[in-house]
1. On average, how much area does the Cα convex hull of region 156-214 cover when viewed from any direction, in nm²?
2. With the Cα gyration tensor of region 141-245 in hand, give its eigenvalues times 5 under a square root as the equivalent ellipsoid semi-axes, listed largest first in whole angstrom.
3. Where does helix 192-205 land angle-wise versus the long Cα axis of the chain, in degrees 0 to 90, nearest 10?
4. Report P(r) for the chain: all Cα-Cα distances, bin width 5 Å, range 0 to the bin holding the largest distance, values in whole percent.
5. Which angle from 0 to 90°, rounded to the nearest 10, does the C-alpha axis of helix 247-260 make with the longest principal axis of the chain?
6. Name the most mobile residue of PRO71, PRO99, PRO135, meaning the one with the largest mean-square fluctuation, in a Gaussian network model of the chain with Cα contacts below 10 Å.
7. With a bin width of 10 angstrom, please list the P(r) values of region 86-165 as percents of all Cα-Cα pairs, from the 0 bin to the one holding the largest distance.
8. State the Cα centre-to-centre distance between region 53-98 and region 203-257 in whole Å.
Amino acid sequence: MKRLILFLSLLNFAAQAQEKIEWPGDKKAAIVLTYDDALQSQLDIAVPQLDAAHLKATFFLTGDIDKQTIPKWRALSKKGHELGNHTIYHPCASGNDNPVISDNYTVYEMIREIDVMNHFLYAVDGKTTRTYAYPCTETTVGNGKSYVDTLRKYGLVKYARVGGDMDAVITNFKNLDLLQIPSYGIEDNATGTKLIAFVKRVEQSGGMGILMLHGVGGDYLTISADAHRELLDYLKKNKKNIWVTTFQQAMDYATNVDKAK
């Protein structure tokens, strides 16, 4: 009996090893940096640090972009960064200290808002394929009604990021819901050491990790500029082993590799 259990365990281990994705350029893992809410600190601090490290990221924008910032976001897209959909008004359930409440939204009102934001973003970067991040990581509106399947039905976005999972290391792409992709929610005042520890867990797994960031050196849910730089320095130093790319590029690659198997 013990021999049978050992044999089955070895088979399971071998199957898991075969399912590991071979990342581009023989990289060991993939990291996706995402920044929510179109914050000024991202333009002022995060973007210059990203450019200095020659790294690309995804920015999930809201309708808060305006005539001062739109040219800057457009320029980022031309540099290879991704602009994602984060709705127009960023509605969240009551109790989230958010100015727009989703409690009275219907599913179709939420879908309509995402659709309009897609048009808005098309005017900014000219892209027709879009990814999405759920405001406040909530997949429901009204009285707890999920809008995930309705979003899937209308095909408004290719991939959607949910969040808040402190241990979100993605290794199983075969069973991954493309409209509920987990991410690592960065806490207020998280240190560079803590952020790098997550990246190292992703490296060890051979999978993918998505970091959900907000303020950098300002705004809210803020990490310091130094902590952010420490993270980017680590990623740059280990670029031989880590593929740092945008949300859509990472998922396009992962899903196409999975189909080819």
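1. Result: 4.5 nm².
2. After diagonalising the Cα gyration tensor, the semi-axes are 27, 19, 11 Å.
3. Computed tilt is about 50 degrees.
4. 1, 6, 13, 17, 18, 16, 13, 8, 4, 2, 1, 1, 0, 0, 0
5. That helix lies at roughly 40 degrees to the long axis.
6. Answer for the Gaussian network model of the chain: PRO99.
7. So the P(r) values, bin by bin, are 18, 54, 25, 2.
8. 17
The values are calculated or read from the model by the stated rules, or taken from the named source; none is laboratory data. Note that the structure is a prediction, hence the values are computed from the model and not measured. Note: accessible area is taken over every heavy atom of the protein model, side chains too, but ligands, DNA and RNA are not part of it. Shrake-Rupley method; radii C 1.70, N 1.55, O 1.52, S 1.80 Å.
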